[in-house]
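The structure under discussion appears below in the form of structure tokens.
Values in this text are rule-based calculations from the coordinates and carry no lab data. Bear in mind that the values here come from a model prediction, so they are computed numbers and not experimental data. Reconstructed Cβ throughout: ideal geometry from the backbone, glycine too, with neighbour counts over all protein chains shown.
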């Protein structure tokens, strides 16, 4: 029923955009992306009911709501991009199904933890060596006319590695053997991953000029380490290390200084037409939306550079207002809450930590970009999960979704079996 309701709402959105654009509902082809998106999620629902009947019943509809809203906004901004996005949704859905079919026994992933870790590092390193610089950041690999963002897949591989590593070492990480500056620490060899992750994050800031992914990767690592050890010390040390690295980068690199300056002074006369143009236009768009918005197709979000990718939340805020923006935030909160519920349903350490890592990707990525475009934190160039235009992001996030559904099904199945055994006793 939720999928049907969301499909109707998406269709209303496409109709509103078409009326604002052409003032008529012809040709009918304007509804093709909506029909295709609805069909994709209906197929995914059927696949889940067949292969994973006990999987969480709300995660897929929430994801559909975010994807549908993103598709409507992209169609409003650029109809040709909406068709491309629809193609990527189909590709991402195929990847989702493959994950469902081949990784139902997710425990097998832990057997190759170092392979996943090496794969993550190679994917990240590839852009440092072979990457193409776009909008000041070296994030993309180009093969002919095809552009690919390795960091999107690297975050999935990294989470699998960290979940397996922490599941194996969490007891050793929880034991303090010495102190440094009054802070209890485990043996140095078990603390090395934190320092290594800090180094990778700083390198990403320096060589890739990618503040968003740097913060995302280190945030995921810190969340998973805390979930594995329940030690607040690690969170404090992690935050302190990242802050130190960011400060050193601020002192040494001009592009970091520009990001901070545009965050603190977005309306500065010297930068508003150049460095801070994006964030200032985003703030203007959000303020013009008010509570209820200007209406689909009636605002001016095209004034914002990269509006279909980094700033799609600003477009929602302008044309759907505070109510529309709040509904997006609420859907992400619900999605994260369901992911946490999946993590809590698991008794095995690997499954629990894997779920924490996957939901951390969605939570941190959505917070970083929504916080950036609203000037809560410095702006960083990452996509809004499931909503922004981009094939790499969609494919990676649907893989995250597939793994979450597999974990959800296994957790629910295990609990049902345990309940039956307890009843027999």
Mind pulling the per residue volume of the convex hull built on the Cα atoms of the stretch 36-141? Å³ is fine. 133 Å³
Taking 7 Å along the Cα-to-C-beta vector as the label spot, tell me the residue 302-residue 28 distance in nanometres, rounded to one decimal. 2.8 nm
Asserting the computed 222 nm helical MRE of the chain (DSSP H runs at least 4 long, -39500 (n - 2.57) per run, divided by residue count, to nearest 500) equals -24500 deg cm²/dmol
Which order results if 262, 294 are arranged by neighbouring Cβ count within 10 Å, fewest first? 294, 262
At a 10 angstrom cut-off on C-beta neighbours, averaged per residue, how do the peptides 403-413, 268-278, 372-382 rank from highest to lowest? 403-413, 372-382, 268-278
Mean separation of Cα pairs under 8 Å and 6+ residues apart, divided by the residue count of the stretch 1-420: what relative contact order is that in percent? 23 percent
Want the number for residue 4 to residue 263: 0.36 nm per residue separation, take away the alpha-carbon distance, what's left? 89.1 nm
Which residues in the stretch 297-341 have a backbone N closer than 16 Å to a point placed 7 Å from the Cα of residue 19 along the Cα-to-Cβ line? 297-299, 320
Using Stokes-Einstein with the Kirkwood hydrodynamic radius over Cα pairs, what translational diffusion coefficient do you get for the chain at 20 °C and a viscosity of 1.002 mPa s, in µm²/s rounded to a whole number? 95 µm²/s
Spin-label point model (7 Å from Cα, Cβ direction): what's the residue 91 to residue 251 distance in nm? 4.3 nm
Sort 390-397, 297-304, 222-229 by packing, meaning the average of other beta carbons within 10 Å per residue, with the highest value first. 390-397, 222-229, 297-304
Calculate the spin-label point distance for residue 11 paired with residue 272, positioning each point 7 Å from the Cα along the beta-carbon direction, and give it in nanometres. 4.5 nm
If packing is taken as the average count of other Cβ atoms within 10 Å, what order do 352-360, 74-82, 95-103 fall into, highest mean first? 352-360, 74-82, 95-103
